[in-house]
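Remarks on the structure that follows.
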Amino acid sequence: MKKLIFTISALMLTACSSAPIKVNYYLLDRDTTAYQNTVNTASLPQLSISRIRLADYLNQPQLTILQKDSQIYYANQHLWAESLYSNIRRSLVNELGKTGNYQVRLVSDPSSDNQDYQLDLQIDHLVATDNSEVILAGKYWLIKDNKVIVRRDFYLSKNLANSGFSHAIEQQRLLLTELSQQINKALWPVIG
């Protein structure tokens with residue numbers, strides 16, 4: 001009898017502990033309009049995104065929350081579908097390419113050898129906070145002929161009207177759009 005009770009108890013505990021944990025995956029860049037661009041850009045100046053540096057805590061697959069006590073919380077059940085680095089690169093190419101004033105490429109593109117301008121970017125924060133906002137902060141450099149022509153710090157934030165990571169990521173997309181607009185404004189007087 002003891003063996004039967006032990007076996008049933010063990011089976012019940014196993015059944016309880018094997019319930020699957022739901023994991024959610026997110027993309028920062030979901031815009032496909034840049035891939036549908038049919039404008040001939042061969043005669044436009046070229047902007048190459050040469051380097052993007054992310055703070056170490058952003059090189060994790062988990063989405064993060066910055067807490068009031070300066071601690072980072074990693075959401076183990078909410079993950080980026082691909083590296084945040086790749087997401088940001090593609091988002092910037094899409095956003096910067098929407099202006100039509102220049103052709104945007106990644107340095108890894110085969111045709112990026114003849115770039116006119118380079119963009120280097122450092123992202124210190126791209127995070128939701130426990131204070132109901134998202135933050136995008138860092139620096140960027142615009143370079144021509146191996147000389148820095150523009151260097152800017154940026155700090156962008158948006159309040160979160162809803163809870164949940166989906167809403168936070170929507171706001172992060174908007175922050176990347178704002179950053180792209182800032183870069184365009186900085187580059188426009190130079191390209192003219």
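Here are a few things to note about the model shown:
- Conditions (1) farther than 28 Å from K22 by Cα; (2) over 18 Å from the mean Cα position of the chain (by Cα); (3) not hydroxyl-bearing (S, T, Y); number of the one not met by V104: (2)
- Subset of region 134-180 (residues that are out of contact with any strand residue (DSSP E or B) (no Cβ under 8 Å at 6 or more places or on another chain) and in contact (Cβ under 8 Å) with a residue 60 or more places away in the chain): R173, T177, S180
- A single entry from I183, I149, I143 fulfils the requirement of being in contact with a helix residue (DSSP H, G or I) (Cβ under 8 Å, 6 or more places away or on another chain) and outside any helix (DSSP H, G or I): I149.
- Filtering S43, S9, S17, S70 for residues that are of a type outside the set (D, E, K, R) and modelled with pLDDT of 80 or more leaves a single hit, S70.
- Taking the listed residues Y102, Y57, the one that is modelled with pLDDT of 85 or more and aromatic (F, W, Y) is Y57, with no other qualifying.
- In region 152-180, of all residues being of a type outside the set (A, V, I, L, M) and part of a strand (DSSP E or B), the one that is farthest from Y117 (Cα to Cα) corresponds to N159.
- Residues of region 54-74 satisfying the condition of being surrounded by 14 or more Cβ atoms within 10 Å (Cβ to Cβ) and either in a strand (DSSP E or B) or small (G, A, S) (or both): L54, A55, Q62, L63, T64, I65, L66, I72, Y73
The values are calculated or read from the model by the stated rules, or taken from the named source; none is laboratory data. Please read all numbers here as calculations on a predicted model, not as lab measurements. Here Cβ is always computed from backbone atoms with ideal geometry, including for glycine, and neighbour counts include all displayed protein chains.
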